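The values are calculated or read from the model by the stated rules, or taken from the named source; none is laboratory data. Fair warning: this is a prediction, and the values are worked out from it, not measured in the lab. In this analysis, Cβ positions are derived from the backbone assuming ideal geometry, glycine residues included, and neighbour counts consider all displayed protein chains.
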């Protein structure tokens, strides 16, 4: 895709996060399976449901710019997920694995938070109020998930892995 203006950049970044959300949605069941902490498993399961809603919202955002939903490969999210999968194969201790899974999940959340924040700013500049609302709802959920991961890590996981 050729990027010549802010509208093109918005669409390109929208495709990036759409790919990322779909990739994350496919990866979360493995994280649920590998997590030993019930709280972490529950958080991953809940966030998978939220991620399905994020995908639906993104499809609605595509509609606001009269484009079909489409993903564009996102090497950043692929790298974060690949790193997590490599760690899963290397760590035997359950608490340490939970700490690694939590860190990987937070890396994903931080990536998503930056993408959604940027898209919201650009949607405002482009006068796309519907996109601002849809993306804002998702951003709030991503920040909430990140906060919950931090709480789990600080309350239990990192201490047990030490």
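Observations
- The C-beta contact set for the range 31-56 (first residue without any contact (Cβ under 8 Å) to a residue 12 or more places away in the chain, second residue buried (at least 17 other Cβ atoms within 10 Å of the Cβ) and not in a helix (DSSP H, G or I), distance under 7 angstrom, 6+ apart or interchain) comprises 41/35.
- Scanning the range 51-75 for residues that are surrounded by fewer than 17 Cβ atoms within 10 Å (Cβ to Cβ) and under 20 Å from residue 149 (Cα atoms) yields 52, 53.
- Residue pairs meeting the criteria (Cβ under 6 Å; at least 6 apart or on separate chains; first under 25 Å from residue 19 (Cα atoms), in the range 80-95; second modelled with pLDDT of 90 or more): 80/107; 80/108; 81/27; 84/104; 87/100; 88/34
- The residues of the range 35-46 that are part of a helix (DSSP H, G or I) and within 16 Å of residue 153 (Cα to Cα), listed by number, are 38, 39, 40, 41, 42, 43, 44.
- Reported count of residues in the range 123-154, each being within 17 Å of residue 63 (Cβ to Cβ) and touching a residue at least 12 places away in the same chain (Cβ under 8 Å), is 11.
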